[in-house]
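Undergrad: One structure, as structure tokens, below. Some questions next.
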Amino acid sequence: MSTNTEEKKAWAAVPAVAHIEAQLATLQARMRALGDVLSPDMARRKVYDEAARATVEGGEFPADIGKRAAKAYRDALEAESEALGLRAGVDSLKANLEYLKTTDGAELALIELGKSLAAFLAEVREHIPALEGARSADEAIQVGNGAPDAWKWLTAAVGRLKVIREAQWNILRPLGDGQRLRELREKGHLEVAGLNPDDVPSDVLHSMTTGLYDANFVVYLANIGTAWVPTSFDEVEAEAEDVVDIGVPDDSITYLSVRETPIPEAPAPKPTGAERSPELSY
């Protein structure tokens, strides 16, 4: 289970997922409490061995050995059945959880994550006016007043944005072609909707395409108005129709289309005796 706080919060907002995760945690705790379980045969054998050892050491062989062995067998059978039942339950819940997280549940979680991003950027906008245009810690100090505190807050906020985007990636990644999704992320399409790279400052575009965020990028994202969390793989793909999916070519193979495939020329026919020029005749 992920430790990302925003991801956990997003999934907690999906009732079916929250229910299954709670049940899964309960069953796993019961499995841990149950510990290692002997098979019924081993539990019964243990009673025999302990009785024999006690006799060798000077004791009496138990008169109720059958009763003791049968009880150990029954107790172990119950414990083994408990362990098998818990394992079956855990496996089933995990399968259902995976299904939910790759279908409608993922969309609901991403919608919730989008709300978190919107709330975060609203907070960012509250601190921007105090900067009075400052774009670095030194400039903020020169501006004075509330600018240094605002810059400090925005610098710390970079970490919060990283957590949101990491949660976004974790939820989106199982929904489609991982290589294609990575390509779209590296083009910046997972940061803003309707991205036109030509309209983005170079330092901001660098942050978008590398994930190396800074305070200036956080400010830009808060002001641009198109920052988003896509709700599906198809949605982000549709937003990036202009990105050509060329894949990863294999350098060891040259692919040619039918038109590009060279057609070898047919060899010229050998001349007959009558067709040979006189000077070439012997």
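Undergrad: Kindly indicate whether any position in region 48-69 is under 30 Å from Leu27 (Cβ atoms), part of a helix (DSSP H, G or I) and not β-branched (Val, Ile, Thr).
TA: no
Undergrad: Turning to a different aspect of this structure: I need a count of the residues in region 14-47 that are under 30 Å from Leu100 (Cα atoms) and in a helix (DSSP H, G or I).
TA: Selection size over region 14-47: 20.
Undergrad: Still on this model: Looking for whichever is of a type in the set (A, V, I, L, M, F, W, C) and closer than 30 Å to Thr231 by Cα here; the options are Ala25, Ala83, Ala33. Which one fits?
TA: Of Ala25, Ala83, Ala33, the one residue that is of a type in the set (A, V, I, L, M, F, W, C) and closer than 30 Å to Thr231 by Cα is Ala25.
Undergrad: Only residues in region 168-189 that are over 15 Å from Val229 (Cα atoms) count as the first member; pair them with residues that are among the aromatic types (Phe, Trp, Tyr), Cβ under 9 angstrom, at least 6 apart or cross-chain, and list the lot.
TA: Filtered contacts from region 168-189: Gly176/Phe233; Asp177/Phe233; Arg180/Phe233.
Okay, residues lined up against (1) of a type in the set (A, V, I, L, M); (2) under 13 Å from Val218 (Cβ atoms); (3) surrounded by 13 or more Cβ atoms within 10 Å (Cβ to Cβ):
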{"site": "Leu117", "(1), (2), (3)": "yes, yes, yes"}
{"site": "Leu121", "(1), (2), (3)": "yes, yes, yes"}
{"site": "Val124", "(1), (2), (3)": "yes, yes, yes"}
{"site": "Ala147", "(1), (2), (3)": "yes, no, yes"}
{"site": "Trp151", "(1), (2), (3)": "no, yes, yes"}
{"site": "Arg165", "(1), (2), (3)": "no, yes, yes"}
{"site": "Leu175", "(1), (2), (3)": "yes, no, yes"}
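Taken together, the values in this text are just the output of simple stated rules run on the coordinates, not laboratory data. This one's a predicted model, so the numbers in the text were calculated from it and none came from an experiment. Every residue, glycine among them, receives a Cβ derived from its backbone with ideal geometry; neighbour counts consider all protein chains shown.
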